[in-house]
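Notes to accompany the following structure.
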Amino acid sequence: MRVTVTLESMKFHAFHGVMEEERITGGSFLADISCIIETKATETDNLKDTINYAELYDLVKCEMMKPSQLIEHVAGRIVKAIKTGFPQIQETTVKISKLNPPVNGEAEKATVTVKD
């Protein structure tokens, strides 16, 4: 059976940004991850037949802690790490949002989405 596993609104304080101040003081980020797998866990009730979302979270956290200038780069690294760490995943969508981005006005967040 085809199943989508999603982790939403994972919150991180990280050091991504083009401006030097962003890389020094850091900022708040949200990450949403959605992965599609073909699994029999719907019948077996066995963790080995699906993906462990605690391990998925740890992978995302690890990548979020590596500073980058662009959140596009962060999202791309996360997609690559998921493909390497979870080869059974058929499709991945990663959404990264920078809260209160440095713009000349008010913006709640700036978001990029990468699909693979």
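The values are calculated or read from the model by the stated rules, or taken from the named source; none is laboratory data. In this text the structure is predicted, and so the values were computed from the model without any measurement. Cβ placement follows ideal geometry from the backbone for every residue including glycine, while neighbour counts extend to all protein chains displayed. We work out accessible area using only protein heavy atoms, side chains counted, and drop any ligands, DNA or RNA first. Shrake-Rupley method; radii C 1.70, N 1.55, O 1.52, S 1.80 Å.
Whole number in Å², please: accessible area per residue of the chain, 1.4 Å probe, ligands, DNA and RNA not counted.
Solvent-accessible surface per residue comes out at 61 Å².
Mind jotting down a quarter of the surface of the convex hull over the alpha carbons of the stretch 1-70, in square nanometres, one decimal?
Mean orientational projected area (the stretch 1-70, Cα hull): 5.0 nm².
Given the pairs Lys61/Lys95; Lys48/Lys95; Lys83/Lys115; Lys66/Lys98, which are separated by over 21 angstrom at their Cα positions? Intermediate results must be reported in sequence, preceding the final value.
Details: Lys61/Lys95 14 Å; Lys48/Lys95 26 Å; Lys83/Lys115 12 Å; Lys66/Lys98 15 Å.
Exceeds cut-off: Lys48/Lys95.
Working from Cα positions, state the angle (0 to 90°, nearest 10) between the long axis of helix 53-64 and the longest principal axis of the chain.
Between the helix axis and the principal axis of the chain, the angle is about 30 degrees.
If I model a spin label as a point 7 Å beyond the Cα along the Cα-Cβ vector, how far apart are those points for Glu43 and Leu70 in nm?
Here the answer is 4.5 nm between the modelled labels.
Give the residue from Phe15, Ile33, Pro101 lying farthest towards the positive end of the charge dipole for the chain; charges sit on Cβ (+1 for Lys and Arg, -1 for Asp and Glu) and the dipole is referred to the Cα centre.
Phe15
Testing the spin-label approximation: label points 7 Å from Cα along Cα→Cβ at Lys80 and Cys62. State their distance in nm.
Going by the 7 Å Cα→Cβ label model, 1.4 nm.
Give the carbon-plus-sulfur fraction of the accessible surface of the chain in %, rounded to a whole number; probe 1.4 Å, heavy atoms of protein chains only.
In the chain, the share of accessible area belonging to carbon and sulfur is 50 percent.
What net charge is computed for the residues neighbouring Gln90, neighbours being all others with C-beta under 9 Å from the C-beta of Gln90, Lys and Arg scored +1, Asp and Glu -1?
So the environment of Gln90 carries a net charge of -1.
Could you tell me how many cubic angstrom of Cα convex hull volume the stretch 4-116 has per residue?
Given the Cα convex hull of the stretch 4-116, per-residue volume reads 89 Å³.
With charges set only on the Cβ (+1 for Lys and Arg, -1 for Asp and Glu), what does the dipole of the chain come to about its Cα centre, in debye to the nearest 20?
Once rounded to the nearest 20, the dipole reads 200 debye.
Ignoring everything but the protein chains, give the 1.4 Å probe accessible area of Lys115 in square angstrom, nearest 10.
Rounded to the nearest 10, that gives 150 Å².
As a check on your grasp of the helix formula, calculate [θ] at 222 nm for the chain: sum -39500 (n - 2.57) over DSSP H runs of n ≥ 4, divide by the residue count, round to the nearest 500. Write out the running numbers ahead of the final one.
Working: 4 runs with 37 residues, N = 116.
Computed ellipticity for the chain at 222 nm equals -9000 deg cm²/dmol.
So how tilted is helix 71-85 from the main axis of the chain? Cα-based, degrees 0 to 90, rounded to 10.
The angle comes out at about 20 degrees.
Could you let me know the centre-to-centre spacing of the stretch 68-116 and the stretch 1-30, using Cα atoms, in angstrom?
Cα centroid of the stretch 68-116 versus Cα centroid of the stretch 1-30: 8 Å apart.
Round to the nearest 0.05 the FRET efficiency obtained for Leu7 and Asn100 when R0 = 22 Å and r is the Cβ-Cβ distance.
That gives a FRET efficiency of 0.50.
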